[in-house]
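Enquirer: Here it is: the structure, laid out below.
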Ligand code: DPP
Ligand code: ZN
């Protein structure tokens, strides 16, 4: 497949101010009639061809200014339609009639059927599966859309913008006309047709306009959409308060779809969501699902400004909207956790969200940045853009925005955002344009300081490492701190000759000092005294001398995770233990516990390799023992502090990666911690019992449930007597899904022999609720007892279908991502290859996601390595591979 380069960008030679689309909707075959009013862009030479994209379409007719064109007046290829417009330099119109076939469209891109309804998904390049069009984000048009359909099948007809009119037709069908007042690229187009439940409410915006918010769902799901509607209203007001951004539409709709490739899609005024991010009630959704809905509703809503009003010039700029919008949704979620709390508590409530986000970054993005798919947050090339909706573009992109927020401060960042909209509202722009706006504020507020090297974060792939050295001088009472940065070649860069230049990055590095008694040592800094200072590292190595430090300090590093880097320090186990107990920065404190656990787990694996006895667990045990019973810590924060690093992180730290050794060390450590602290866990379990009040997903009660489930998990892991009975009782008495699923998962993880009763009961109760059934599948597919034949047995059940992405994710993905002990076998590797190919025949986007599972095969121990390499080769050799999967596996194999 051809590689597309960012450098090759050229503007589209024609403007498209106005589009009219008419749909005759039917599942088997939908006719689309388009009227595209073009005009040459300034400077376009007469005779410049007009090229439109189209995929899997049947062409019926092409007209130019109303005149049907003969077959030799345009050119048709597999994926384009081109013609030479009149050379008079004036506006002209192209009319196209074409057919597409939603019912057989298993890719879930373009127009497709889900259940008995019709949905669209156009980002990034799905619109070309609906009709021929300049399918690129820098062509922005005003859309008018007429939908016609049989009202018995499709009583509701939705598209972007405002409903202009609705009417019955003489032939028994009905129609609806929608007009979107805002110009938009076609990736933000949407239509929905079918029979839905709807709940709605009006909100008053800060300028006093009444706007209608609506959430549409499958019939019978109305009561499960109240939380989503509530989140939407909160998102609307939050964006007004924090960024001064108001909804620019009279009506904002969210529609839940059962079959959806992604989390959700920010189509202008008509967001289409994976039902998993809309539907929730206490019986069916976990606390985490409630928070997930809040985050995704916020994310898509915030795109209305960051993505839709200001959009991307080309797909290399994807992080312009995604990194920024993830940052915005992270801040929204954090603010929601902290709402109404006094400042001190608010900070630690927000830290819980920060910890979860950093955890995700390390789990998903750090390995990506070290593998064959490593790319800068603004990639330089791709074969298939669908493969670049990555943790790097999203999560690292959000970190790069967050660093700008840190460097500019809340006020400066807000001023930068205001400037961004002042300059670029209504345009399709680049990441550089965004940084220009931020830089204009930065240089104004920090005279003499330079922002230019910050842009390197957009150019470089790979996770930088920052090495920290410090020296305390008791006579002069100074502490000298040296930071050194380096960024090794990332992924395929390692094979380039010469290796790519990686100049130093601008890294905001937040530090604090504490003394041996755990007290903060204030730092004198820029005429102030502070507990935390941000060192701005801009060179390969820099040294700072802090003065007036009365006692030898222990360094608290990278507070609040101020930059997406890997730390290298010579901090001792004692230093970490001190920080784990006393660091006033809740993120750094959590990180000290994580680091202690990581060190222990790696030491266990090393001892196994060397045939030595297992290392002592005392450090971690003591840290946990204190945290377990510390009533000053919020339950949600305690649940983070007392969680071992995820197994995948432990595997990823190995050199070479050795999944079986990691599973053994991890399992043994959980056992020991559970057993040694059994009494404390048991006390905590009882103390965190439900107070009997009505369910609420608020941070305090959900934190208590998280901590209680963690206690149960530890009791089972440690084989405490009566633990299985406790879990069975919790399952039986569960008052919400968090409790029920917590008990079921803990049983499947540690006492599968006792899980069969709850499993059967769960299935019986929830067999007709697809989202809950996904939980049932997922809990089993990720259990250590689920071998390849176990996962095959799940796939043989009548409830299973590979066509539904949520179900495929619950079973196949969970097995391949969250069950390393069983995946890393010869049968496991075969299973992976077979499923990638099976999915690829249906849905290349989803298949390509699964194909990423073996990105880092070359870093594994030799047996696993050979097995994965063979499986990758088998996929690459398969006939008819999609461009999506081919790009992934060919890069993996190098
Ligand atoms: N819908 C996806 C998201 O919101 C892609 N834009 O991130
Ligand atoms: Zn997004």
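Enquirer: Which members of the range 785-827 meet the condition of being outside any helix (DSSP H, G or I), touching a residue at least 60 places away in the same chain (Cβ under 8 Å) and within 23 Å of residue 262 (Cα to Cα)?
Expert: Correct list: 803, 804.
Enquirer: Which one of 35, 28 is touching a residue at least 12 places away in the same chain (Cβ under 8 Å), buried (at least 16 other Cβ atoms within 10 Å of the Cβ) and within 39 Å of the chain's Cα centre (by Cα)?
Expert: From the options 35, 28, the qualifying one is 35.
Enquirer: Also, I was wondering about something else. Residues 455, 362, 467: which one is in a strand (DSSP E or B) and at pLDDT 95 or above?
Expert: Testing whether each residue is in a strand (DSSP E or B) and at pLDDT 95 or above leaves just 467.
Enquirer: Something else: Any idea which of (1) within 16 Å of ligand 2 (Cβ to nearest atom); (2) crowded, with 22+ Cβ neighbours inside 10 Å is the one residue 124 doesn't satisfy?
Expert: (2)
Enquirer: If you check residue 252 against the conditions, is it in contact with a strand residue (DSSP E or B) (Cβ under 9 Å, 6 or more places away or on another chain) and in a loop (DSSP other than H, G, I, E, B)?
Expert: No: the conditions fail for residue 252.
Enquirer: Taking residue 440 as the residue in question, decide whether it is surrounded by fewer than 14 Cβ atoms within 10 Å (Cβ to Cβ), farther than 22 Å from residue 184 by Cβ and touching a helix residue (DSSP H, G or I) at 6+ places or on another chain (Cβ under 9 Å).
Expert: no
Enquirer: Return the residues of the range 484-501 that are in contact (Cβ under 8 Å) with a residue 60 or more places away in the chain and surrounded by 13 or more Cβ atoms within 10 Å (Cβ to Cβ); say none if nothing qualifies.
Expert: 485, 490, 491, 492, 493
Enquirer: Checking residue 292 against (1) over 25 Å from residue 706 (Cα atoms); (2) out of contact with any strand residue (DSSP E or B) (no Cβ under 8 Å at 6 or more places or on another chain), which single condition isn't satisfied?
Expert: (1)
Enquirer: Can you tell me which residue within the range 317-343, out of those that are touching a residue at least 60 places away in the same chain (Cβ under 8 Å) and more than 16 Å from ligand 2 (Cβ to nearest atom), is surrounded by the fewest Cβ atoms within 10 Å (Cβ to Cβ)?
Expert: Ranking the qualifying residues of the range 317-343, first place goes to 335.
Enquirer: Also, I was wondering about something else. Looking at residue 372, is it at pLDDT 95 or above, in a loop (DSSP other than H, G, I, E, B) and away from ligand 1 (no atom under 16 Å from the Cβ)?
Expert: The answer is yes for residue 372.
Enquirer: Identify all residues within the range 696-729 that are under 30 Å from residue 226 (Cα atoms) and surrounded by 19 or more Cβ atoms within 10 Å (Cβ to Cβ); write none if there are none.
Expert: Within the range 696-729, 697, 699, 701, 702, 703, 704, 705, 706, 707, 708, 709, 710 meet the criteria.
Enquirer: Separate question: Could you count how many residues in the range 62-83 are loosely packed, with under 10 Cβ neighbours inside 10 Å, free of Cβ contacts under 8 Å to residues at least 24 places away in the same chain and either in a strand (DSSP E or B) or more than 45 Å from the chain's Cα centre (by Cα) (or both)?
Expert: Matching residues across the range 62-83 total 3.
Enquirer: Are any residues in the range 262-283 within 13 Å of ligand 2 (Cβ to nearest atom) and assigned to a loop (DSSP other than H, G, I, E, B), and if so, which ones?
Expert: Within the range 262-283, 262, 263, 266, 267 meet the criteria.
Enquirer: Here's something else I'd like to know. Name the residue, out of 292, 323, 298, that is outside the structural domain of residue 382 (by TED's automatic domain parsing) and within 11 Å of ligand 1 (Cβ to nearest atom).
Expert: Selected residue: 298, the only one of 292, 323, 298 that is outside the structural domain of residue 382 (by TED's automatic domain parsing) and within 11 Å of ligand 1 (Cβ to nearest atom).
Enquirer: If I filter the range 542-563 for residues that are closer than 29 Å to residue 659 by Cβ and assigned to a helix (DSSP H, G or I), do I get at least one hit?
Expert: Looking for residues that are closer than 29 Å to residue 659 by Cβ and assigned to a helix (DSSP H, G or I), one finds at least one in the range 542-563, hence yes.
Enquirer: Looking at 374, 398, 346, can you tell me which residue is more than 16 Å from ligand 2 (Cβ to nearest atom) and touching a residue at least 12 places away in the same chain (Cβ under 8 Å)?
Expert: It is 374.
Enquirer: Checking the structure you have, find out if any residue of the range 880-888 is more than 19 Å from residue 388 (Cβ to Cβ), surrounded by fewer than 21 Cβ atoms within 10 Å (Cβ to Cβ) and assigned by TED's automatic domain parsing to the domain that holds residue 800.
Expert: There is at least one residue in the range 880-888 that is more than 19 Å from residue 388 (Cβ to Cβ), surrounded by fewer than 21 Cβ atoms within 10 Å (Cβ to Cβ) and assigned by TED's automatic domain parsing to the domain that holds residue 800.
Enquirer: Now a separate question. Have a look at 233, 193, 256 and point out the one that is under 30 Å from residue 769 (Cβ atoms) and over 24 Å from the mean Cα position of the chain (by Cα).
Expert: 193
Enquirer: Further, regarding this structure: So residue 123 passes all but one of these: (1) more than 16 Å from ligand 1 (Cβ to nearest atom); (2) over 17 Å from residue 23 (Cα atoms). Which condition number does it fail?
Expert: Failed condition: (1).
Enquirer: Here are the criteria: (1) away from ligand 2 (no atom under 16 Å from the Cβ); (2) buried (at least 19 other Cβ atoms within 10 Å of the Cβ); (3) not in a strand (DSSP E or B). Tell me which single one residue 231 does not satisfy.
Expert: For residue 231, the failing item is (1).
Enquirer: Just one of (1) out of contact with any strand residue (DSSP E or B) (no Cβ under 7 Å at 6 or more places or on another chain); (2) assigned to a helix (DSSP H, G or I); (3) over 30 Å from residue 180 (Cβ atoms) trips up residue 394, so point out which.
Expert: Residue 394 satisfies every listed condition except (3).
Enquirer: List the number of the failed condition for residue 303; all other conditions in (1) farther than 26 Å from residue 703 by Cβ; (2) within 16 Å of ligand 2 (Cβ to nearest atom); (3) in contact with a strand residue (DSSP E or B) (Cβ under 8 Å, 6 or more places away or on another chain) hold.
Expert: (3)
Enquirer: Here's a follow-up. Only one of 236, 245, 157 is part of a strand (DSSP E or B) and in contact with a strand residue (DSSP E or B) (Cβ under 9 Å, 6 or more places away or on another chain); which?
Expert: Selected residue: 157, the only one of 236, 245, 157 that is part of a strand (DSSP E or B) and in contact with a strand residue (DSSP E or B) (Cβ under 9 Å, 6 or more places away or on another chain).
Enquirer: Just to be sure, is residue 347 surrounded by fewer than 23 Cβ atoms within 10 Å (Cβ to Cβ), over 18 Å from the mean Cα position of the chain (by Cα) and more than 16 Å from ligand 1 (Cβ to nearest atom)?
Expert: yes
Enquirer: What is the one condition in (1) part of a loop (DSSP other than H, G, I, E, B); (2) within 24 Å of residue 428 (Cα to Cα) that residue 37 does not satisfy?
Expert: Only one criterion in (1) part of a loop (DSSP other than H, G, I, E, B); (2) within 24 Å of residue 428 (Cα to Cα) is unmet by residue 37, namely (1).
Enquirer: Kindly establish whether residue 63 is within 17 Å of residue 131 (Cβ to Cβ) and at pLDDT 95 or above.
Expert: So residue 63 fits the description; yes.
The values are calculated or read from the model by the stated rules, or taken from the named source; none is laboratory data. Remember, it's a predicted structure, so these values are computed and weren't measured experimentally. Reconstructed Cβ throughout: ideal geometry from the backbone, glycine too, with neighbour counts over all protein chains shown.
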